[in-house]
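As structure tokens, the structure follows; a few thoughts come after it.
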Amino acid sequence: MTRRLLFLLLSLLSTTAAAPTTFTAAPAPAPPASDSCNGIFLSYIYIGGVQLPPTLKSKPTQQPYSFKSTLTILNNGLDPLKSWRVFVGFQHGEYLVSASNAVLADGNSIPGFVANGTVFAGYPSTDLMTAIQTAGDITQMSAQIDLVGTQFGVGSPDVPMPTNITLANDGWLCPAPTMQGCDGVELDIRFQTSFILVINVLRTHSSRSWFDSTHHLGTSQMQVCCTEDSALKNNITTADEFLPRQNGDLTIMYDVISTYDSSYLAKVTISNNNPLGRLDNWKLSWDWMREEFIYAMKGAYPEVLDTTECLNGKQGVYYKNLDFSTVLNCQARPTIVDLPPNLVNNTNLGSIPFCCRNGTILPPSMDPSKSTSVFQINVYKMPPDLNRSELAPPQNWQINGTLNPNYQCGPPLQVSPSLYPDPNGSPSDKTAFASWQVVCNITEPKGVKPKCCVSFSAYYNESIIPCNTCACGCPSPSSTTCSTTAPALLLPAQAILVPFDNRTALANAWAELNHFATPNPLPCGDNCGVSINWHLYTDYTKGWTARITIFNWDGEPFVDWFTAVELDKAAPGFEKVYSFNGTKLSGVDNNTIFMQGLPGLNYLVAETPGADPQKDPSVPGKQQSVISFTKKQTPGINVVGGDGFPSKVYFNGEECSLPTVLPSGSAYRKGSNISISVLLAAVVAFLLMQW
């Protein structure tokens, strides 16, 4: 049997060698592929994995397997690579259990799912030096990330490789990665196929464990050499000690303003830079990476006061004489919340400029003085960091609000020390001991529903196109007695003034009157806390008007609310908002109209119960205004044809769900003809009676 197998192996290899191939035997081992890279060399090597319980023979794509891999980043260039970031295109439902020397750049914590690919950022070492700077010290030139996790559906002999690896830093070009063979030599695909066939035969007929653990040749190692993009070469020089500060929708500064051997005082500044961004009741969270804990705070507070992890952990042993009843929080991932306005002048908790606003951060286009939130935090450190110069910011930052956009935050990047006014009142500025910047940008996570919706109506159609079915989410399947897929029913005008649960009779009657089909079961509601009706009010030769109505179906009011509409073709003709404060924003494609309440009218009240809750529906909070437009600046505009309806609508920074159809003009024309006929008949009848 062995001789026949060896003969088969030699036959296949000799057949392959007879054809032209890129694989040639070398008398000496080829040099590592990294040696030929004069930029940033990346490699991803799959080490191994085993099948995990439970065994799912009927669902092989859901079968879990462990995996161990190594990601390596090597700087072979002339310049240091500051704050390196590498994208790994995971594609097998990967759940990452651990990663050494790195964190996730999107602010998520490990363990967690990375199934759609993720970006790793260096931690605790963020920069890679050059061979010139370190005399070839590979430990300072490279980073090795050992990955351990679970993947689904890829069992031996197949290998769960990512789709891609690439450097995520700006100013670099990475070609498609190559797959490498067992000696690091790039192999021709025909040689790989022949060798794999033989290995599979040997695995089938041999009990030796070597064949059980061997992976497909040329599929367990991926590598790429990235080079600087000369067209986008960044302006950082080797003399620059820090990265330049970045722009983002939201930026967070972590400035250490006092430092001691075992503790430090940091000022955290949250700044909103997006003209449509906003946070209400913000909650900020991060991960302590070196067993730190929060001793005291001013301007904000932990959501939970908890010292359990200190008392039962290393902190309690090291700080054995510390009164932990005065410590605020020992959680490895604390959540910080803002303080109410009545504590702004409290000497113990407040007295910090730009603090204590109930977590509201407005867009700078609305009120620049309210677009920033600040607090101070006193942090205690643990060994071996008991040195005033040993400073490390927390990682994996996340921030969110109630009815607000979704933000994704990157890792903290060390920047030049911030300047701030001297607390003693002198005209001089003082510098922080160290500063880090966290950049957060508005994202639309897959599967996350909006929190507000829009309905459309027009003067030429008596029906209102309501918010989409399940626009803000569907009810749980166990409680569903409605259709989550059926389109929402057209409504009479008065129906949008009452809650969805009270619209059924009106919607059915309207459908019967107009001969509209009604599905069984009826469609579910929109489940939105805020809805906005955009009504095309008039359309005439020189201009047109619209009416916007905002409904608050939530139990909480909205203070300093705002809404914004994007009108792709109509915005240049904007004239005036009559009951709101309205302006056309600059710098947002010049097509966005921003609206907020007038002084004294910036309070959108909450939904209130009806006079008799047994029979009267709840009443939403409501604000309404007419908006006028001229056609002088927009020749050729087709208001009724769609140009008079917004392409995007925002409420408090959250993009709202829009209907998928517009009001039809056919009903208006049909209705007008009927009305005219009825009117003529009435006039004729009246004249006959007088005759």
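The values are calculated or read from the model by the stated rules, or taken from the named source; none is laboratory data. What you see is a predicted model, and the numbers here were worked out from it, not measured in a lab. Here the Cβ positions follow ideal geometry from the backbone for every residue, glycine too, while neighbour counts run over all protein chains shown. Surface areas here come from the heavy atoms of the whole protein model, side chains and all, with no ligands, DNA or RNA. Shrake-Rupley method; radii C 1.70, N 1.55, O 1.52, S 1.80 Å.
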Open item on the list: I'd like the FRET efficiency for Thr227 and Glu556, computed as 1/(1 + (r/R0)^6) with the beta carbon distance as r and R0 of 45 Å, rounded to 0.05.
Closed with: 0.25
Open item on the list: Give me the dipole magnitude in Debye, nearest 20, for region 33-180 about the Cα centre, with unit charges on the beta carbon: positive for Lys and Arg, negative for Asp and Glu.
Closed with: 480
Task: Where region 33-180 is the region considered: accessible area per residue in Å², 1.4 Å probe - done: 44
TODO: Rounded to the nearest 0.05, what FRET efficiency do Leu386 and Val304 give with R0 = 25 Å and r taken as the Cβ-Cβ distance? Could you check?
DONE: 0.35
- [ ] Mind putting a number on the dipole of region 250-443 about its Cα centre? Charges go on the C-beta only, +1 for Lys and Arg and -1 for Asp and Glu, and I need it in Debye to the nearest 20.
- [x] 160
TODO: Could you run the Karplus curve 6.51 cos²θ - 1.76 cosθ + 1.60 with θ = phi - 60° over region 547-555 and give me ³J(HN,Hα) per residue in whole Hz, x for Gly and Pro?
DONE: 10, 10, 10, 10, 10, 9, 9, 8, x
Open item on the list: Pairs of alpha-carbon atoms within less than 8 angstrom and 6+ residues apart define the contacts here; what relative contact order does region 33-180 have, in percent?
Closed with: 30
Open item on the list: Testing the spin-label approximation: label points 7 Å from Cα along Cα→Cβ at Ala606 and Ser426. State their distance in nm.
Closed with: 5.0
Task: Modelled label reach - Met289, point 7 Å along Cα→Cβ, region 398-431 residues with backbone N closer than 15 Å - done: 398, 410-415
Task: Residue (of Asn441, Asn273, Ile252) at the positive-pole extreme of region 250-443, dipole from beta-carbon charges - done: Asn273
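State the dimensionless ratio Rg/Rh of region 416-506 (Rg: radius of gyration of Cα atoms; Rh: Kirkwood radius).
On the way: Rg = 25.5 Å, Rh = 18.5 Å.
Using only Cα positions, Rg/Rh for region 416-506 is 1.38.
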Task: Label-to-label distance, nm, for residues given as Gln133 and Ser483 (7 Å Cα→Cβ offset) - done: 6.4
Open item on the list: Distance cut-off 23 Å, Cα to Cα: go down the list Lys622/Lys648; Lys370/Lys576; Lys283/Lys622; Lys283/Lys446; Lys283/Lys449; Lys298/Lys449 and report the pairs above it.
Closed with: Lys370/Lys576; Lys283/Lys622; Lys298/Lys449
Task: Simple label model, 7 Å out from Cα along Cβ direction - Asp261 to Thr347, nm - done: 3.1
- [ ] May I ask you to give the average projected area over all directions of the convex hull of the Cα atoms of region 250-443, in nm² rounded to one decimal?
- [x] 11.3
Task: Per residue value of the accessible surface for region 250-443 (all protein chains in place, 1.4 Å probe), Å² - done: 42
Task: Value of Rg to Rh for region 33-180 (Rh from inverse mean 1/r over Cα pairs, i.e. Kirkwood) - done: 1.01
Task: Cα radius of gyration and Dmax for region 274-333 (Å) - done: 14.4, 50
TODO: Using a Förster distance of 25 angstrom, determine the FRET efficiency expected from the C-beta separation of Lys622 and Asn281, and round it to 0.05.
DONE: 0.65
TODO: Only Lys, Arg, Asp and Glu count, each charged at its Cβ (+1, +1, -1, -1), so figure out the dipole size of region 421-541 about its Cα centre, rounded to 20 debye.
DONE: 280
